[in-house]
Amino acid sequence: MQAPLILTFPETDTSDEVSRKSLENLANQLGLSEVATVHRALRLLAQQRLVEVHSDDGPLSSEYREWLQNEANKLIEPGPRIWKKRLFKT
């Protein structure tokens, strides 16, 4: 287990912080300890903000790449295409 994190609380709620009393009230409503309530809040924030990366099965097979290219070609309108090496000017 890592070293504990020490939190300080403002006397009253602000736009960025919650008071210890608000944490206590929330924990009571959820039926959790204050520590479990903080963990749950952080878990919810992480789910909203952090990108979850899933492992894959490695490189695509040549057969699947060919199928995928054929499917994409069906969706691309005929005509000239402009190919760029860079999306933005540097």
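Here are the numbers for the structure shown:
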read-out: Hits in the stretch 44-68 (condition: loosely packed, with under 10 Cβ neighbours inside 10 Å and assigned to a helix (DSSP H, G or I)); value: GLN47, GLN48, ARG49, SER62, GLU63
read-out: Unmet requirement for VAL38, which otherwise passes all of (1) in contact (Cβ under 8 Å) with a residue 24 or more places away in the chain; (2) farther than 30 Å from GLU17 by Cβ; (3) not charged (D, E, K, R); value: (2)
read-out: Qualifying positions in the stretch 12-54 - touching a Pro at 6+ places or on another chain (Cβ under 7 Å) and among the acidic types (Asp, Glu); value: GLU17
read-out: Test for LEU32: is it more than 21 Å from the chain's Cα centre (by Cα), touching a residue at least 12 places away in the same chain (Cβ under 8 Å) and either surrounded by 11 or more Cβ atoms within 10 Å (Cβ to Cβ) or not in a loop (DSSP other than H, G, I, E, B) (or both); value: no
read-out: Residue satisfying all of: in the stretch 69-90; aliphatic (A, V, I, L, M) and not in a helix (DSSP H, G or I); surrounded by the fewest Cβ atoms within 10 Å (Cβ to Cβ) among these; value: ILE82
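Coordinate-derived values only; no laboratory data. These numbers come from a predicted model, not from an experiment. Cβ atoms come from the backbone with ideal geometry, glycine included; neighbour counts cover every protein chain shown.
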